[in-house]
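See structure below.
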Amino acid sequence: MDYKIILSDIDGTLLTSDHRVLPRTAAAIRQVVARGIPFALVSARMPEAITPIIAQIGTDAAKVCYNGALVITPEGMEIHDERMSRAHTDTVLNLIAQSYSAASMSYYAGHTWYVRTRDDADVQREEGITGVHSVVENFQRLIAADILPNKLFAMGTPELIVRMEQELSEVLPTLSIVRSAPHLLEIIERTVSKATGIEILLAHYGIDRSEALAFGDNYNDIPMLRYVGHSVAMGNAPDEIKDIAGSVTEANDADGIYHFLKKIHMVE
């Protein structure tokens with residue numbers, strides 16, 4: 001089938017383990033875009049953490065940020081911006097403060113990443129990976145000012161994150177609480193997912209979901225992989241993700257996106 005849009009997760013999918021875009025993969029994406037086929041990065045990341053990756057690729061791309069809560073066209077037009085409710089934000093932050101104090105919490109609102117302190121090792125690691133500087137702020141002051149988050153984000157040991165995912169999902173069924181990596185937990189409104197963000201982007205382009213091809217590697221990619229016409233799991237993905245996807249390609253460190261696009265004759 002001739003796909004009319006290509007969608008890709010970032011970490012563990014487009015990027016290698018050392019956070020680079022491999023040259024063959026970048027060249028393949030440029031080749032596809034040059035043929036008039038849109039490319040979009042679909043990620044839990046904020047917009048400012050996606051922009052440098054688009055620069056690495058060397059072409060235009062849409063951004064589906066915060067697992068679908070914020071959608072931005074290649075021209076920079078924001079066509080969707082969904083925030084968590086005040087009640088949900090308060091409930092999550094209070095519950096985590098009481099029961100999971102070892103977790104490092106982040107508060108993402110629009111184009112700003114708020115933290116309680118930049119001295120936190122997890123925050124410093126995330127800043128190094130994304131190239132984005134966090135802003136120290138009191139979360140309650142943000143809520144009072146009606147600056148509500150697109151997502152809340154917890155960082156911690158894999159054991160803590162697994163426990164938080166399981167326990168918080170049980171007590172907060174109206175929220176989507178899912179790991180994006182063993183040490184990272186994304187918390188957003190249940191109405192938000194990579195699939196809902198993609199649906200909005202496809203409507204903007206006038207493209208049917210059956211004409212979309214998507215690449216992913218982790219649990220927060222499941223809605224995207226189930227939504228599109230054809231889904232591809234990376235070779236480094238957990239078995240549960242591979243079982244959901246329509247195809248499996250090579251790992252992110254082995255040009256998996258390039259190899260699949262070549263296999264289906266979308267690139268030379």
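The values are calculated or read from the model by the stated rules, or taken from the named source; none is laboratory data. For clarity, every value in this text was computed on a predicted model and none was experimentally measured. Note that each Cβ is placed from the backbone with ideal geometry, even for glycine, and that neighbours are counted across all protein chains shown. SASA here: full protein model, heavy atoms, side chains in, ligands and nucleic acids out. Shrake-Rupley method; radii C 1.70, N 1.55, O 1.52, S 1.80 Å.
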* To do: For the stretch 140-162, name all the residues that are open to solvent by less than 60 Å² (accessible area, probe 1.4 Å) and over 23 Å from the mean Cα position of the chain (by Cα).
  => Leu142, Ile143
* Only residues in the stretch 138-149 that are part of a loop (DSSP other than H, G, I, E, B) count as the first member; pair them with residues that are buried (at least 17 other Cβ atoms within 10 Å of the Cβ) and hydrophobic (A, V, I, L, M, F, W, C), Cβ under 7 angstrom, at least 6 apart or cross-chain, and list the lot. => Ile147/Ala109; Leu148/Met84; Leu148/Ala109; Pro149/Met84; Pro149/Ala109
* Asked: Just wondering, is there one or more residues in the stretch 6-14 that are on the phi > 0 side of the Ramachandran plot and part of a helix (DSSP H, G or I)?
  -> yes
* Scan of the stretch 35-66 for residues that are open to solvent by 60 Å² or more (accessible area, probe 1.4 Å), closer than 17 Å to Tyr205 by Cβ and either part of a helix (DSSP H, G or I) or in contact with a helix residue (DSSP H, G or I) (Cβ under 9 Å, 6 or more places away or on another chain) (or both), ordered by number -> Asp60
* Spans of strands (runs of 3 or more DSSP E) in the stretch 172-268 with at least 2 residues more than 13 Å from the chain's Cα centre (by Cα) -> 175-181, 212-216, 230-233
* To do: Can you tell me which residue among Glu165, Glu127, Glu137 is open to solvent by 20 Å² or more (accessible area, probe 1.4 Å) and farther than 20 Å from Ala87 by Cα?
  => Glu127
* Can His80 be described as of a type outside the set (Asp, Glu) and in a strand (DSSP E or B)? -> yes
